[in-house]
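The values are calculated or read from the model by the stated rules, or taken from the named source; none is laboratory data. Source: prediction; values computed, not measured. With ideal geometry, Cβ positions are generated from the backbone for all residues, glycine too; neighbour counts draw on all protein chains shown.
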Amino acid sequence: MKNIKYIYMLVLGVSLGLFVGCSDLEEEPVALLSPTGYFQSTDDIQAAVDGSLTHAINEEIWGRKLSIALMLRSDMVNLQSTQTRRVEMNMHTISGDNEMVYDPWIRMYLGISAANTAIAGADDVNEDDSVKNPVTAQAYFARAFYYFHLVRLFGDIPYYDAPVVDADAAASVSNTPEAEVYQNIIADLEYAKTWLPNTVTTRSRPSKAAASSYLALVYLTMAGNDTGSEYWQMAFDEATDVINNAGTYGIGLDSDYQTLFNANLIDASIEPIFALDYNNVEAEDNAYDQTAPMTGIRGDDDDQGWSVAVPTMAVYDSFDEGDYRTRVSFQTEATIGGVTVDYTNFTISGHEHAANQPYIAKYTRYPGPYARSNKRATSHNYSMIRFAEVLLIAAEAAVEIGDNASALNYINMVRERARQGGNSTNGGYVEETIAPSAVPADLTGTVTVDDVLEERRIELCFEGKRWYDIKRRELGDAVFSASGYEGEKPDWNSSVDYDTPIPDEELNRMPNISN
């Protein structure tokens, strides 16, 4: 546990104050600053925003703990190690003292605290709205980004929309109902959409397209399984607004699916809409990327991965071998002890965590020039939302509102890109040009919800999306049954396991909140 543990202290701004800037953001210890007197220019607001977004790349969020937790809780990745905290995630037996719950919870509230500080501090900046509000809008986006993760994970949560300067007030806060949290997220994203620019110099800064894309995803999430929900139309409208203005926003599908996971090329891609950009600095605060070693092969001469999160054979077999995305997503060969072997011999390293099955290749294949041993601290830009997902949001919403023509169009745009092939490698890192193919063929006839969810599962695999799809569509009873890709999860209980338990430490220190 960290030295300063409790959320009511964090929202006071008495945090650890450990901020390491992304490669395109500025480093500022904003949590040590009071909003009063510090904010004099838009540069000060920007520094606070950068501090807020920097929390997302911390080891406690997307550097490892939240990203891996989302993988393990899905039906796409099994656990190859025995650490209790990870077993709980994989088996849905999550306890209130699990650090993979506690650490992301605290870190996200740190990000919210910094965003609230930026929003409050903007009131002190004497600049025209046309100058100030586009910068402040980034803080509204950051706050929405963190709360959207929190509400999907936990349901009812404490909600802070301003810096808290009173410890007693912070400790006595109650849960805000999930529905109200969603309305606050929508309000923040609407403000961001109004003021953010159409284009940005780096996708690690939010744009108008990012705000609109997240609004579409929020509405999709709120619609859930309700086929009559008004939110389907709202999701469709927001997603198609992004699609129809792709040229204005400078976004679109990348021609090569592999580029999306190539740290050497991703900066030039038009597909990411909002990304977390690692600056490859292994700092005391652990603000670096560990997803590659967590998913890498134990004993691989190149990776020396940790074999923590590994797809089951059933997951691999569920992908079409002729689909280029299969090649990009899975590693099926490796060199271990100087011997090149396929996935049936990955255990020749002799390590108990090694597994004879294909591994995840998305984060280990092209980590960029700053990758250290085990490929920690890579150059990856992780797409939090990208254009292909917006197309699939539009497709799913179109199914629900009865617009089959649009559903076919948008899902087939994603499949068409997959057929184009591109420059990828085999498992042994020999680069090859993969020719276009006929797989996956365009869908015809009537598109179903299952069609779109399956396309999301393939297109967005291992990107931290699948668990949220399982929850919003209430798929748990099916996917965690004996017929699921990982086999039966006997402890799965749909009445309680869709929501993550709020950490025990928080319940003890904040008596008015509850699970």
Listed residues TYR370, TYR359; which is of a type outside the set (S, T, N, Q) and either within 18 Å of VAL310 (Cα to Cα) or modelled with pLDDT of 95 or more (or both)?
TYR359
Would you point out which residue out of GLY121, GLY155, GLY111, GLY63 is free of Cβ contacts under 8 Å to residues at least 60 places away in the same chain and not polar (S, T, N, Q)?
GLY111
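For the stretch 350-361, what are the residues that are touching a residue at least 12 places away in the same chain (Cβ under 8 Å) and in contact with a Ser or Thr (Cβ under 9 Å, 6 or more places away or on another chain)?
If the condition is that a residue be touching a residue at least 12 places away in the same chain (Cβ under 8 Å) and in contact with a Ser or Thr (Cβ under 9 Å, 6 or more places away or on another chain), then HIS351, HIS353, ALA354, ALA355, ASN356, GLN357, PRO358, TYR359, ILE360, ALA361 are the ones that fit.
The rows are residues; the columns are (1) at pLDDT below 95; (2) under 20 Å from ALA48 (Cβ atoms).
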site: THR93; (1), (2): no, no
site: ASN133; (1), (2): no, yes
site: PRO158; (1), (2): no, no
site: ALA167; (1), (2): yes, no
site: ALA171; (1), (2): yes, no
site: GLU180; (1), (2): no, no
site: TYR191; (1), (2): no, yes
site: VAL200; (1), (2): no, yes
Give the number of residues within the stretch 364-383 that are aromatic (Phe, Trp, Tyr) and under 13 Å from ASP302 (Cβ atoms).
1
In the stretch 503-515, residue nearest to ARG473 (Cα to Cα) [restricted to those that are out of contact with any Ser or Thr (no Cβ under 7 Å at 6 or more places or on another chain) and not in a helix (DSSP H, G or I)]:
ASN515
One residue from GLU432, GLU506 being within 26 Å of the chain's Cα centre (by Cα) and at pLDDT below 95
GLU506
I'd like to know if the stretch 223-237 contains one or more residues that are touching a Ser or Thr at 6+ places or on another chain (Cβ under 6 Å) and either on the phi > 0 side of the Ramachandran plot or part of a helix (DSSP H, G or I) (or both).
yes
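Residue by residue, here is whether (1) under 24 Å from the mean Cα position of the chain (by Cα); (2) among the hydrophobic types (A, V, I, L, M, F, W, C); (3) at pLDDT below 95 holds:
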position: THR444; (1), (2), (3): no, no, no
position: ARG456; (1), (2), (3): yes, no, no
position: GLU463; (1), (2), (3): yes, no, no
position: SER494; (1), (2), (3): yes, no, no
position: ASP499; (1), (2), (3): yes, no, no
position: ILE502; (1), (2), (3): yes, yes, no
position: PRO511; (1), (2), (3): no, no, yes
In the set GLY247, GLY252, the lone residue that is over 18 Å from ALA142 (Cα atoms) and outside any helix (DSSP H, G or I) is GLY252
Considering only helices (runs of 4 or more DSSP H) wholly within the stretch 1-87, the ones with at least 3 residues that are among the aliphatic types (A, V, I, L, M), farther than 30 Å from GLU488 by Cα and at pLDDT below 55 are 7-10
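Residue-wise test of (1) aromatic (Phe, Trp, Tyr); (2) within 15 Å of ALA47 (Cα to Cα); (3) in contact with a helix residue (DSSP H, G or I) (Cβ under 9 Å, 6 or more places away or on another chain).
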residue	(1), (2), (3)
ASP103	no, no, yes
ARG107	no, no, yes
GLU127	no, no, yes
GLN138	no, yes, yes
TYR147	yes, no, yes
ASP156	no, no, yes
Restricting to the stretch 181-216, count the residues that are surrounded by fewer than 23 Cβ atoms within 10 Å (Cβ to Cβ) and in a helix (DSSP H, G or I).
10
ALA292 meets each of (1) over 22 Å from VAL87 (Cα atoms); (2) not in a loop (DSSP other than H, G, I, E, B) with one exception, condition (1)
If we scan the stretch 167-174, do we find a residue that is of a type in the set (Val, Ile, Thr), on the phi < 0 side of the Ramachandran plot and crowded, with 20+ Cβ neighbours inside 10 Å?
no
Which residues, taken from the stretch 306-331, are over 18 Å from ALA418 (Cβ atoms) and of a type in the set (Ser, Thr, Tyr)?
SER307, THR312
